[in-house]
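Working notes for the structure below.
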Amino acid sequence: MTVQTHILSAILIGKLTGNYAAAFTGAVLIDADHLISYAKHKALFNPKKMFKVVTTRTGGGWGDERGFFHSLITWAILSALLIFISFPFGLVFSIGYFTHLFLDAICTGTLYPLNPSKRFPIHGFIKYLSWQEIIFSSLLGVATLILFL
């Protein structure tokens, strides 16, 4: 899913829980592992190359963008740690993070839920940067807007 879809999910979770910081941390910042891939492929500081990768319809240019943080194992460990430190923050973070993983799982890009193991790959049904995702994101946006009214 695109970052806009993850941001909409973070806003929705933040509105429902009242904790926008934890929702955004879990739902959006998890894509930080993409930066490792971009740096590895020398696209991090190359705007033209970065734009080309981010706008491909495959959901990524090299297939290694979903790394360490895109794993149920990492989700469980980070969630447990943060819940232990601060239950309210950790719980909302965990919901946001799981929502991020769910959205990536229903997108057509490959997600390895037990990363670093490449067993059990998940390929979703919503194409990256497609009308399907625009409609899905629009519905998410409408649901969020309704909560604000």
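Nothing in this text is a laboratory measurement; each read-out follows from the coordinates by a stated rule. All values derive from a computational prediction rather than experimental measurement. Heads up, the Cβs are rebuilt from the backbone with ideal geometry, glycines too, and the neighbour counts pull from every protein chain shown.
Note the full-extension length gain between Met50 and Ile85 as 0.36 nm times their separation in residues minus their Cα-Cα distance, in nm to one decimal.
Values: separation 35, 0.36 × 35 = 12.60 nm, distance 3.64 nm.
Extra length from Met50 to Ile85 when fully extended: 9.0 nm.
Each Lys and Arg adds +1 at its Cβ and each Asp and Glu adds -1 at its Cβ; summed about the Cα centre, segment 3-148 shows a dipole of about 440 debye. Of the residues Ser138, Ser117, Ala39, the one whose Cα sits farthest towards the positive end of the charge dipole of segment 38-149 is Ala39 (charges of +1 on Lys and Arg Cβ, -1 on Asp and Glu Cβ, taken about the Cα centre). Amide H contacts of Ile126 (H built 1.01 Å from N, in plane; Pro and chain starts excluded): Cys107, Thr108 sit under 5 Å, all sequence-distant by 5 or more or on other chains. Per-residue ellipticity at 222 nm computed for the chain from its helices equals -19500 deg cm²/dmol, with DSSP H segments shorter than 4 residues left out and the rest contributing -39,500 (n - 2.57). Lys-Lys pairs in the chain that are eight or more residues apart or on separate chains and whose Cα atoms lie under 30 Å of each other come to 15. Sorting Leu81, Leu111 from the fewest to the most surrounding beta carbons within 10 angstrom yields Leu81, Leu111.
Would you be so kind as to identify all helices of the chain, as entire DSSP H runs, whose Cα atoms reach 24 Å or more along the helix's own axis and whose mean Kyte-Doolittle hydropathy is at least -1.0? Answer set is 87-106, 131-148.
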